[in-house]
There are 4 protein chains.
Amino acid sequence: MPRTALVVIDMINTYEHEDADTLVASVRKALPAIAALIARARASGSPVIYVNDNFGQWRSHHGELLQTALAGRHRDLVEPVTPDAESLFVIKARHSIFFETPLAYLLGQLEIERLVLCGQVTEQCVLYSALDAHVRHFKVVVPTDAVAHIHADLAEAALRMMQRNMAAERCRSDDIRFDTPGPAGTDTAP
Amino acid sequence: MPRTALVVIDMINTYEHEDADTLVASVRKALPAIAALIARARASGSPVIYVNDNFGQWRSHHGELLQTALAGRHRDLVEPVTPDAESLFVIKARHSIFFETPLAYLLGQLEIERLVLCGQVTEQCVLYSALDAHVRHFKVVVPTDAVAHIHADLAEAALRMMQRNMAAERCRSDDIRFDTPGPAGTDTAP
Amino acid sequence: MPRTALVVIDMINTYEHEDADTLVASVRKALPAIAALIARARASGSPVIYVNDNFGQWRSHHGELLQTALAGRHRDLVEPVTPDAESLFVIKARHSIFFETPLAYLLGQLEIERLVLCGQVTEQCVLYSALDAHVRHFKVVVPTDAVAHIHADLAEAALRMMQRNMAAERCRSDDIRFDTPGPAGTDTAP
Amino acid sequence: MPRTALVVIDMINTYEHEDADTLVASVRKALPAIAALIARARASGSPVIYVNDNFGQWRSHHGELLQTALAGRHRDLVEPVTPDAESLFVIKARHSIFFETPLAYLLGQLEIERLVLCGQVTEQCVLYSALDAHVRHFKVVVPTDAVAHIHADLAEAALRMMQRNMAAERCRSDDIRFDTPGPAGTDTAP
């Protein structure tokens with residue numbers, strides 16, 4: 001199997017932006033599948049990479065982002081998906097997980113060929129990230145029950161675009177296989 | 001008005017790829033509006049920038065691409081939109097006009113702030129290019145009658161995504177204004 | 001005056017790599033000038049941007065990098081240049097401050113046109129960063145008393161390359177002017 | 001052996017810029033070694049990739065660049081190194097062969113791991129390109145008799161920087177081995 005990483009997109013979130021209310025209902029629904037994917041990737045030794053907006057604060061590091069999100073009005077949506085000590089963390093400036101970030105370099109160092117994308121928002125950052133992964137020749141997998149949307153119809157169109165035009169595999173999170181666990185400590189080292 | 005360039009996407013084409021037949025009907029419909037936009041941009045002194053796939057031939061330059069396209073089975077779709085001596089030409093490797101191309105650098109040198117996107121395919125390269133323009137803070141304008149699609153429903157979803165999530169202006173090509181013409185020879189110099 | 005940022009390169013450091021002993025002597029000599037530049041940039045309201053290796057740890061954030069460096073054998077070289085609450089912080093993966101980092105995007109948002117580079121190593125990261133700033137059309141200033149080297153002769157060659165081939169201004173740190181202070185709180189917001 | 005490409009830097013040249021006279025003498029001396037490297041790379045089936053400034057003309061393609069250079073006052077320096085029908089050609093906007101060009105993508109598609117750099121100018125584009133190759137984890141080889149300089153002392157410092165800080169192999173062009181020839185037509189296809 002190609003070496004796989006799980007990418008968790010924009011889940012460290014205060015949900016204070018426009019459209020947050022619509023989004024929150026969808027996130028709540030996807031949350032169990034996302035948490036289960038994180039647990040299974042960790043158990044298999046596959047890298048779990050959080051890629052997250054920095055809320056416009058270039059002073060902030062991810063510990064502060066996490067504290068801010070946990071102190072917000074939707075702690076219940078953040079707590080189940082918090083990074084652990086092995087998690088990798090990349091800050092992004094704009095929508096795509098690749099734009100002006102070190103992610104492509106990091107994936108190259110980790111020899112990753114396949115990305116499982118989960119998180120939010122299906123018809124925005126997830127779509128854009130799937131595209132940027134595809135043009136860089138990564139294999140993309142999108143579990144439809146582990147991504148959250150604002151507009152259901154645009155999300156469905158986005159999933160069709162990913163499948164048809166970006167060669168993405170569209171599946172249920174339960175059907176995703178990660179790598180067989182290797183010796184402890186060997187899998188996530190950069 | 002912000003300084004504007006017209007970007008003509010993937011119109012130098014042999015139409016030999018998969019889905020070409022579906023696409024050709026849509027291109028034929030959009031062709032007059034594209035040709036009219038090119039003529040008006042030229043008349044105003046606004047840069048016209050062709051950004052085109054190289055058909056996988058890194059040996060080819062754009063003169064050869066044009067000859068190949070004109071010798072193909074759809075010369076009638078290429079001839080009305082051929083570059084002239086003032087046209088700028090950027091070769092792209094993959095879907096987006098910005099990915100691994102010098103376009104961002106060229107636009108910076110030309111002090112362009114606003115991009116009018118025309119050409120093909122609405123729900124693929126046009127969508128991806130609108131996104132990559134938006135994350136780089138360009139203002140994007142998409143004339144719906146001057147872009148061609150393969151799947152009408154995905155194209156409509158793509159246009160809604162551009163308008164809603166990429167702050168793109170969606171309009172008819174007739175409604176687009178270019179810059180006032182300046183002194184001859186001053187407008188398109190890099 | 002063009003809007004200016006002070007860039008502090010690789011000063012959050014454990015000095016445990018090869019060549020560290022040779023480097024430390026040079027850092028010790030440059031340290032007062034670097035600290036003075038940081039103080040003057042802060043006083044003027046100019047952004048102070050730390051760009052630093054992450055020691056290969058994509059798990060680490062800059063708070064941890066700082067703790068690790070302060071706990072190392074050269075706390076005395078780190079303490080005088082620690083970031084404050086207003087400092088911006090960018091993690092780099094490789095030598096240049098621009099390679100696979102959000103720095104170019106951040107500088108664009110801050111409308112910075114002129115970079116004062118200080119830190120280490122003159123003939124490596126400082127040289128490479130000056131080059132990458134020059135190709136992006138930033139004006140580069142290098143205060144020779146606020147950069148540290150490993151090899152004195154290569155450092156001198158690097159400074160000549162910056163001055164001659166990268167249009168960099170080579171000067172003493174005392175001669176550098178920052179922007180006039182603006183209203184409190186307006187200068188460093190992204 | 002790692003798969004190798006020969007990169008020919010800025011040899012399609014009119015030699016009309018500042019410093020050209022000093023440069024021309026050095027180019028004349030390096031020319032036989034460059035021509036011999038091109039011949040040997042072609043014979044082995046290794047890709048030969050010309051990466052060249054576009055003289056600021058985004059309207060020009062490489063056929064025009066070549067005609068302009070051949071019509072200039074130093075046809076004798078261009079003719080021995082003209083591209084053939086198999087040569088790949090990448091236009092660069094600024095100093096480094098990688099900055100805002102599709103070169104990294106093209107090398108990835110060709111599965112190249114090792115770059116032999118020849119051409120001009122040792123202490124400028126060759127140095128910058130060696131650096132940008134090194135940060136992208138390519139193995140770099142610089143044949144000292146096949147690169148041309150403006151300033152002999154800066155060129156020597158540049159070669160030491162490449163060898164010491166960029167892990168480049170510094171050698172004579174005669175000592176460079178290319179790949180064993182494969183079946184005709186299979187080696188240079190993208």
When region D:95-116 is examined, which residues are found to be assigned to a loop (DSSP other than H, G, I, E, B) and among the polar types (S, T, N, Q)?
D:SER96, D:THR101
Are any residues in region C:91-106 more than 18 Å from C:LEU37 (Cβ to Cβ) and hydrophobic (A, V, I, L, M, F, W, C), and if so, which ones?
C:ILE91, C:ALA93, C:PHE98, C:PHE99, C:LEU103, C:ALA104, C:LEU106
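Here's the yes/no breakdown for (1) away from chain B (no Cβ under 14 Å); (2) surrounded by fewer than 24 Cβ atoms within 10 Å (Cβ to Cβ); (3) among the charged types (D, E, K, R); (4) touching a residue at least 24 places away in the same chain (Cβ under 8 Å):
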{"site": "A:GLU113", "(1), (2), (3), (4)": "yes, yes, yes, yes"}
{"site": "A:LEU117", "(1), (2), (3), (4)": "yes, no, no, yes"}
{"site": "A:TYR128", "(1), (2), (3), (4)": "no, no, no, yes"}
{"site": "A:PRO143", "(1), (2), (3), (4)": "yes, yes, no, yes"}
{"site": "A:ILE150", "(1), (2), (3), (4)": "no, yes, no, yes"}
{"site": "A:MET162", "(1), (2), (3), (4)": "no, no, no, yes"}
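Yes/no matrix, rows are residues, columns are (1) closer than 29 Å to C:HIS137 by Cα; (2) at the interface with another protein chain (Cβ under 10 Å from one of its Cβ atoms):
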| position | (1), (2) |
| --- | --- |
| B:ALA39 | no, no |
| B:PRO47 | yes, yes |
| B:LEU77 | no, no |
| B:PRO83 | no, yes |
| B:GLU86 | yes, yes |
| B:PHE89 | yes, yes |
| B:PRO102 | yes, yes |
| B:GLY108 | yes, yes |
With the condition kept exactly as written, say whether any residue in region C:118-133 is more than 27 Å from A:TYR105 (Cα to Cα) and of a type in the set (Val, Ile, Thr).
no
May I ask you to verify whether B:LEU115 is at pLDDT below 95 and under 26 Å from A:PHE98 (Cα atoms)?
no
Considering only residues that are assigned to a helix (DSSP H, G or I) and touching a helix residue (DSSP H, G or I) at 6+ places or on another chain (Cβ under 6 Å), look in region D:164-173 and name the one that is nearest to the other protein chains (Cβ to nearest Cβ).
D:ASN165
Could you tell me whether region B:122-134 includes any residue that is assigned to a loop (DSSP other than H, G, I, E, B) and in contact with a helix residue (DSSP H, G or I) (Cβ under 9 Å, 6 or more places away or on another chain)?
no
Unique match (being acidic (Asp, Glu) and in contact with an Asp or Glu (Cβ under 9 Å, 6 or more places away or on another chain)) among B:GLU64, B:GLU79, B:GLU111, B:GLU100
B:GLU100
Kindly indicate whether D:ALA85 is without any contact (Cβ under 8 Å) to a residue 24 or more places away in the chain and either more than 20 Å from D:LYS29 (Cα to Cα) or in contact with an Asp or Glu (Cβ under 9 Å, 6 or more places away or on another chain) (or both).
yes
How many residues of region C:88-107 are aromatic (Phe, Trp, Tyr), touching a helix residue (DSSP H, G or I) at 6+ places or on another chain (Cβ under 6 Å) and free of Cβ contacts under 8 Å to residues at least 24 places away in the same chain? The answer is 0
Unmet criterion (only one of (1) at the interface with another protein chain (Cβ under 8 Å from one of its Cβ atoms); (2) in contact (Cβ under 8 Å) with a residue 12 or more places away in the chain) for D:HIS137
(2)
Which of the residues spanning region A:135-161 are part of a strand (DSSP E or B) and closer than 24 Å to D:GLY108 by Cα?
A:LYS139, A:VAL140, A:VAL141
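The values are calculated or read from the model by the stated rules, or taken from the named source; none is laboratory data. Everything quoted here is computed from the prediction, not taken from an experiment. Note that each Cβ is placed from the backbone with ideal geometry, even for glycine, and that neighbours are counted across all protein chains shown.
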